[in-house]
Amino acid sequence: MKIATYNVNGVNGRLPVLLRWLDESAPDVVCLQELKAPQDKFPEEAIRNAGYNAIWHGQKSWNGVAILARGTDTEIKEVRRELPGDETDEHSRYLEAVVNGVLIGCLYLPNGNPAPGPKFDYKLSWFERLITHAAKLYTLDIPVVLTGDYNVMPTEQDVYKPERWLDDALFRPETRAAFQKLVAQGWTDALRKLYPDETIYTFWDYFRNAYGRNAGLRIDHFLLNPKLVGRLTTAGVDRHVRGWEKTSDHAPVWIQLKEK
């Protein structure tokens, strides 16, 4: 079972890139973030024509998440489409469903810049809500994965020239401490488990030829509970997709699981 996460950065504007990658990579499950599309503008027909069933939580500006499953008849059992803890939060940043026996939390954590400030405060409060909800998911007796764009560089190993990012919301001590608090519940960072010493990036800015210089960040993560860790075999980043024309500033990230 191959599960992927991809901040597509505008699902309609970058639909040709998404469809090309789906055809090439053929993941079984895909978590998408930053749809930038209202609920009724999600390209369901094109996704189905590509061979995928989908559920989504759309929003016009910046947000929006979706879960895709290969096979138009594959069941995606939606569990929730919001992160609990704040009934006033109207952002479309979380979607949870069961696919092929795995509970999947697709998330798009707030960017938080400029920091400090209200956006950074929202980022940290959203993170605390995620930590609280994740603690409950961790106790479930089923395989669970929390994946998506965390907008966090956990360590200096996860950023090109970390000294340039010290004041950025994605690298501030408060943000990294929140990520470590989440992982400390017992979750396994899939890519770091398999490749503890390698430099791995999942995002390259559009400016200053970041992709060409490999001046990247690792901000898209897979966290697995113990029920799923034993099934992890390989993982990777489809880095070349970042080099395609009119593509997202993120590259797709994936893990491969053994069958039960």
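The values are calculated or read from the model by the stated rules, or taken from the named source; none is laboratory data. Quick caveat, the model's predicted, so the values are computed rather than measured. FYI the Cβ positions are ideal-geometry reconstructions off the backbone, even for glycines, and counts take in every protein chain you see.
I need the full set of residues from the stretch 132-151 which are within 21 Å of Asp168 (Cα to Cα) and in contact with a Leu (Cβ under 6 Å, 6 or more places away or on another chain), in order please.
Gly148, Tyr150, Asn151
Name every residue in the stretch 190-205 that is closer than 14 Å to Val145 by Cβ and surrounded by 19 or more Cβ atoms within 10 Å (Cβ to Cβ), in order of residue number.
Scanning the stretch 190-205 gives Ala190, Leu191.
Restricting to the stretch 40-59, what's the tally of residues that are farther than 20 Å from Tyr150 by Cα and out of contact with any strand residue (DSSP E or B) (no Cβ under 7 Å at 6 or more places or on another chain)?
8
Can you name the residue in the stretch 206-225 that is surrounded by 13 or more Cβ atoms within 10 Å (Cβ to Cβ) and assigned to a loop (DSSP other than H, G, I, E, B) and is also nearest to the chain's Cα centre (by Cα) among such residues?
This residue is Ile219.
Are there any pairs, at least 6 apart or on different chains, whose C-beta atoms fall under 7 Å, with the first in the stretch 207-233 and more than 22 Å from Tyr108 (Cα to Cα) and the second in a loop (DSSP other than H, G, I, E, B) and of a type in the set (Val, Ile, Thr), and if so, which?
That search, which allows pairs on different chains as well, returns Lys227/Ile142.
For residues in the stretch 176-203 being over 18 Å from Leu228 (Cβ atoms) and acidic (Asp, Glu), which is farthest from the chain's Cα centre (by Cα)?
My answer is Asp197.
Does the stretch 1-43 hold any residues that are within 12 Å of the chain's Cα centre (by Cα) and of a type in the set (Gly, Ala, Ser), and which are they?
Ala4
Take Gly243 and decide whether it is loosely packed, with under 13 Cβ neighbours inside 10 Å, at negative phi, touching a Phe, Trp or Tyr at 6+ places or on another chain (Cβ under 7 Å) and in contact (Cβ under 8 Å) with a residue 24 or more places away in the chain.
yes
Which one of these is touching a Phe, Trp or Tyr at 6+ places or on another chain (Cβ under 8 Å) and on the phi < 0 side of the Ramachandran plot: Ala190, Ala135, Ala177, Ala184?
Unique residue meeting the criteria: Ala190.
Which fully enclosed strands (runs of 3 or more DSSP E) of the stretch 51-125 have 3 or more residues being surrounded by 20 or more Cβ atoms within 10 Å (Cβ to Cβ) and either modelled with pLDDT of 95 or more or not small (Gly, Ala, Ser) (or both)?
The strands (runs of 3 or more DSSP E) meeting that bar are 52-57, 65-70, 94-99, 102-108.
So which pairs qualify, if the first residue must be in the stretch 125-138 and over 15 Å from Arg80 (Cβ atoms) and in contact (Cβ under 8 Å) with a residue 12 or more places away in the chain, the second must be of a type in the set (Gly, Ala, Ser) and assigned to a helix (DSSP H, G or I), the Cβ gap must be under 6 Å, and the two must be at least 6 apart or on different chains?
What qualifies is Phe127/Ala178.
Within the stretch 102-123, track down each residue that is within 17 Å of the chain's Cα centre (by Cα) and among the aliphatic types (A, V, I, L, M).
The answer is Val102, Leu103, Ile104, Leu107, Leu109.
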